[in-house]
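Please treat every number below as a calculation from the coordinates, not as lab data. Source: prediction; values computed, not measured. In this analysis, Cβ positions are derived from the backbone assuming ideal geometry, glycine residues included, and neighbour counts consider all displayed protein chains.
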Amino acid sequence: MMSNIFEGFNAENNNKLINTQCDFNNQAKKRKLDESMETFSENMMIRGRSFLPIRGGTDVFATDEWKSSGTSLFCPVKQDVYLNLQKYDQISAAQGSFYTADDCGNFQSSVIGHVIHLWRFDKKIKKLYISQSYLFTNQQEFLRVQAFLQNL
């Protein structure tokens, strides 16, 4: 025999509980956002979160296999990415000529652009290594990301 899930249910006590919750929500302070915050990335930075927004598109590429010889292939970033900067120990930037790949990872072309390297510390070998790199062929997008990082 199935038990009734409403056994012991007291509508009067439940209404008091709901009314108490509503009163609590009405009394809670509401946050006001500063009107000077114009973009989502500024909102994230001001609220204390350390997520780096990177817009996906035809001019942004990424790799997680950086080779110091400069032969790394950067694959296109199709969607927006938010990187948790607390996971990384160091961030650096460089410019130069880099290799891009198509969606399948096959060499496509050599491009000139700016790259941001995200470094992590390996406790086993006690050394910093480049965990991820993002290549920007659009200088405006790179400058936006660079400005965000400088404001941290």
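So which residues in the range 95-112 are closer than 13 Å to Cys75 by Cα, in a strand (DSSP E or B) and of a type outside the set (Val, Ile, Thr)?
Just the residues of the range 95-112 that are closer than 13 Å to Cys75 by Cα, to begin with: 98-111.
From the residues that got through so far, the ones that are in a strand (DSSP E or B) too are 98-101, 107-111.
Correct list: Phe98, Tyr99, Ala101, Phe107, Gln108, Ser109, Ser110.
Considering only the range 134-148, state which residues are over 19 Å from Thr63 (Cβ atoms) and in contact with a Leu (Cβ under 8 Å, 6 or more places away or on another chain).
If the condition is that a residue be over 19 Å from Thr63 (Cβ atoms) and in contact with a Leu (Cβ under 8 Å, 6 or more places away or on another chain), then Phe148 is the only one that fits.
Of the numbered conditions (1) surrounded by 12 or more Cβ atoms within 10 Å (Cβ to Cβ); (2) part of a strand (DSSP E or B); (3) not β-branched (Val, Ile, Thr), Gly56 satisfies every one except a single condition; which is it?
Every condition holds for Gly56 apart from (2).
What residue, of Val115, Val145, is among the hydrophobic types (A, V, I, L, M, F, W, C) and assigned to a helix (DSSP H, G or I)? Before the answer, list the steps.
Numbers: Val115 fails: assigned to a helix (DSSP H, G or I).
Of the residues listed, the single one that is among the hydrophobic types (A, V, I, L, M, F, W, C) and assigned to a helix (DSSP H, G or I) is Val145.
Run Thr137 past the list (1) within 14 Å of Leu52 (Cβ to Cβ); (2) crowded, with 18+ Cβ neighbours inside 10 Å and report the number of the one that doesn't hold.
(1)
Looking at (1) assigned to a strand (DSSP E or B); (2) surrounded by 15 or more Cβ atoms within 10 Å (Cβ to Cβ); (3) under 16 Å from the mean Cα position of the chain (by Cα), find the lone condition where Phe74 falls short.
Status for Phe74: all satisfied but (3).
Within the range 113-152, work out how many residues are touching a Ser or Thr at 6+ places or on another chain (Cβ under 7 Å) and over 17 Å from Ser72 (Cβ atoms).
Residues flagged as touching a Ser or Thr at 6+ places or on another chain (Cβ under 7 Å) and over 17 Å from Ser72 (Cβ atoms) within the range 113-152 amount to 2.
Give just the number: which of (1) in contact (Cβ under 8 Å) with a residue 40 or more places away in the chain; (2) in a strand (DSSP E or B) does Trp66 not satisfy?
(2)
What about Asp103, is it charged (D, E, K, R) and in contact with a Pro (Cβ under 7 Å, 6 or more places away or on another chain)?
yes
Any idea which residue in the range 77-89 is nearest to Ser133 (Cα to Cα), counting only those that are without any contact (Cβ under 8 Å) to a residue 60 or more places away in the chain and in a helix (DSSP H, G or I)?
Here the residue is Lys87.
Please go through (1) part of a strand (DSSP E or B); (2) small (Gly, Ala, Ser); (3) within 19 Å of the chain's Cα centre (by Cα); (4) farther than 14 Å from Ala62 by Cα for Ser131 and return the number of the only condition it doesn't satisfy.
Result: Ser131 fails condition (4) only.
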